[in-house]
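The values are calculated or read from the model by the stated rules, or taken from the named source; none is laboratory data. Since we're looking at a predicted model, the values are computed, not measured. Cβ: placed from backbone, ideal geometry, glycine included. Neighbour counts: every protein chain shown. Surface accessibility is based on the protein's heavy atoms, side chains included, excluding ligands, DNA and RNA. Shrake-Rupley method; radii C 1.70, N 1.55, O 1.52, S 1.80 Å.
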Amino acid sequence: MNDRYSQLASTKDVDDAIRQMASKILQDHEELPLFVALLRGAAPFASKLLFELVRQAPDSHPELDYMMVSTYGNGQVAGTPHIVTDLAPTTQVAGRTVVVLDDVLDKGITANFVFSHLKSRGATWVELAVLADKEVERTHEEITARYRAFSFGNKWLVGMGMDDAQAADEGYRWLEEIWEIRQ
């Protein structure tokens, strides 16, 4: 990484925070909810979290499905979200608690859109778990992360699913640390 980036969380920091989050989810849910990871950003976080859930509760069988929702495109300005890929047709949402997994919560535009979509499919309760919660003014104030590994100010983040589209397609998304792009 060059001097354009500054590390905010090491791999160990990320792993420790995910371990704590998994413990809290297991404490809060007698029966594991349906997990819905928002691609592409949530893929590294979701994988680490589900491995950790099973490590802590070896007899559990978490169910994970994916949605791809586009909000940002190739820039740093949020647009109007739309579903690129929905859940598998066989995924049962109705009557269930759903925990949406996302890499970052900033203005809440994507989360609000996904919450509405899952509720329209009959989810009884929808919660949000994020790797990074940015301390910014929310477009949708009611959207909060029940589970969060880190809170950061209004920084553009890369690593652990968050990318720098200006550096490259998928730029730095697969780093195991979290970095800030210095503006």
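General remarks:
- Condition met for ARG96 (over 24 Å from LYS134 (Cβ atoms), touching a residue at least 24 places away in the same chain (Cβ under 8 Å) and not small (Gly, Ala, Ser)): yes
- Only strands (runs of 3 or more DSSP E) whose full extent lies in the range 42-120 are considered here, and the ones with at least 1 residues that are buried (at least 19 other Cβ atoms within 10 Å of the Cβ) are 63-70, 97-105.
- The set of residues from the range 132-183 being of a type in the set (Lys, Arg) and either assigned to a loop (DSSP other than H, G, I, E, B) or open to solvent by 90 Å² or more (accessible area, probe 1.4 Å) (or both) comprises ARG138, ARG146, ARG148, LYS155, ARG173, ARG182.
- Where a residue in the range 153-182 is among the charged types (D, E, K, R) and its partner, wherever it lies, is open to solvent by less than 20 Å² (accessible area, probe 1.4 Å) and modelled with pLDDT under 90, with Cβ under 6 Å and at least six apart: ASP163/GLY171; ASP164/GLY171
- Members of the range 122-131 that are within 12 Å of the chain's Cα centre (by Cα) and either open to solvent by 50 Å² or more (accessible area, probe 1.4 Å) or within 22 Å of THR80 (Cβ to Cβ) (or both): LEU128, VAL130
- Complete set of residues in the range 1-27 that are open to solvent by 50 Å² or more (accessible area, probe 1.4 Å), part of a helix (DSSP H, G or I) and out of contact with any helix residue (DSSP H, G or I) (no Cβ under 9 Å at 6 or more places or on another chain): LYS12, ASP13, GLN20, LYS24, GLN27
- Pairs, first closer than 22 Å to MET67 by Cα in the range 23-44, second of a type in the set (Asp, Glu) and assigned to a loop (DSSP other than H, G, I, E, B), C-beta under 9 Å, six or more apart: ARG40/ASP163; ARG40/GLU170; GLY41/ASP163; PRO44/GLU176
- Selection from the range 143-163 of residues that are charged (D, E, K, R) and out of contact with any Lys or Arg (no Cβ under 8 Å at 6 or more places or on another chain): ARG146, ARG148
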